[in-house]
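These notes are about the structure you will find just below.
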Amino acid sequence: MRIENLTASSTCYTCCVYLVRGDWNAIEDVNTLIDVGRDPSVIPMIESQDTGVGKKRVAQVILTHCHYDHTSLLPEIRAAFKPIVCAYPTFREADRYLKDGEFVKIADRTFEIIYTPGHSHDSICLYCEQDGVLFSGDVNLNIQTTGGTFQDDYVQALEKLSTKKIKTIYPGHGSPIVGNGDEVIRRTLMNAKRARAWHAGRN
């Protein structure tokens, strides 16, 4: 599996847009964009990539949630590549709805869909057990203090993620967390629980 952040050098405000391809560009690989962002320069970048012969440059788009910085370029991506668009069921423009616990093929790997509300009501993460890779969208998985308040469903999502072997986290903004993703998530879960306990003690 090859992962490239197409917006690493973007000059406009946008999310990370990840193009995910198979190691060998095999015909059965599913070339996938994780989020589409809002920077039109990703389209010529995709067109310049070696994405395999006899297949779509982008066969599939998976949206981690519906916020504008992750979805604005969708009409242009549809027009250019005619992909299947996948998202949580509340996103009406999707061609396919993804549910918690479902598995989907991305490039030459299988990913689990993990529903992770908190940042938004429709946030999902994408987890590949084979490589220990997690696409996390805008879900905050790197909480380093016990300040703040956290909802039950967010903490439950963290508990689910903490059971996974995660090496690398590809977030919706910023650089990847490499090598110790599961450690970062366990620390975040601990801090979220401590914050909830502190607030419960005050009430």
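Which of the lysines could a cross-linker bridge to Lys193, judged by Cα under 27 Å and excluding same-chain residues fewer than eight apart?
Lys99, Lys160, Lys164, Lys165, Lys167
With a probe of 1.4 Å, find how much accessible area the chain has per residue, and write the answer as a whole number in Å².
Per-residue accessible area for the chain comes out at 48 Å².
Which whole-Hz ³J(HN,Hα) couplings does the stretch 53-65 yield from phi under the Karplus relation 6.51 cos²θ - 1.76 cosθ + 1.60, θ = phi - 60°, glycine and proline marked x?
Rounded to whole hertz, the list is 9, x, 8, 6, 4, 10, 8, 8, 10, 10, 9, 6, 5.
With each label point set 7 Å from Cα along the Cα-Cβ vector, what nm distance links Lys165 and Lys193?
Using points 7 Å along Cα→Cβ, the separation is 2.2 nm.
With point charges of +1 on the Cβ of Lys and Arg and -1 on the Cβ of Asp and Glu, referenced to the Cα centre of the chain, which listed residue (Leu19, Ile143, Gly179) lies farthest in the positive direction of the dipole?
Positive-end residue among those listed: Ile143.
Out of residues 5 or more away from Gly52 or on other chains, whose amide H comes under 5 Å of its own, with H placed 1.01 Å from N in the peptide plane?
Residues meeting the amide H criterion: none.
Summing Lys, Arg as +1 and Asp, Glu as -1, what charge do residues with Cβ under 12 Å from the Cβ of Phe81 carry, Phe81 excluded?
Around Phe81, the charge tally is +3.
HN-Hα J couplings of the stretch 85-93 from phi, Karplus 6.51/-1.76/1.60, θ = phi - 60°, integer Hz, Gly and Pro as x?
9, 10, 6, 5, x, 7, 8, 5, 7
Would you kindly derive the ³J(HN,Hα) couplings of the stretch 18-30 from the backbone phi angles with the Karplus curve 6.51 cos²θ - 1.76 cosθ + 1.60 (θ = phi - 60°), listing them in order in whole Hz, with x for Gly and Pro?
These are the phi-based 3J(HN,Hα) values: 9, 8, 10, 10, x, 4, 10, 6, 5, 4, 8, 5, 10 Hz.
What relative contact order, as a whole-number percentage, does the stretch 84-190 give when Cα pairs under 8 Å and 6 or more residues apart are counted?
19
For the chain, set up a Gaussian network in which alpha carbons nearer than 10 Å are linked by springs, and say which option among Asp69, Asp100, Asp138 fluctuates the most.
Asp100
For the ranges 178-190, 14-26, what's the packing order if you count other beta-carbon atoms within 10 Å of each residue, average per peptide, and put the highest first?
14-26, 178-190
Under 16 Å Cα to Cα from Lys56, which lysines show up? Leave out anything in the same chain fewer than 8 places away.
Reachable lysines: Lys82, Lys105.
In debye, nearest 20: dipole of the stretch 49-195 around its Cα centre with unit charges on the Cβ of K, R (+) and D, E (-)?
220
Given H placed on each backbone N at 1.01 Å, which residues far from Val61 in sequence or on other chains put an amide H within less than 5 Å of it?
Leu33, Ile84, Val85, Cys86
The values are calculated or read from the model by the stated rules, or taken from the named source; none is laboratory data. Keep in mind that this is a model prediction, so the values were computed, not measured. Here the Cβ is made from the backbone with ideal geometry for all residues, glycine too, and neighbour counts use every protein chain on show. Only protein heavy atoms, including side chains, enter the accessible area calculation; ligands, DNA and RNA are left aside. Shrake-Rupley method; radii C 1.70, N 1.55, O 1.52, S 1.80 Å.
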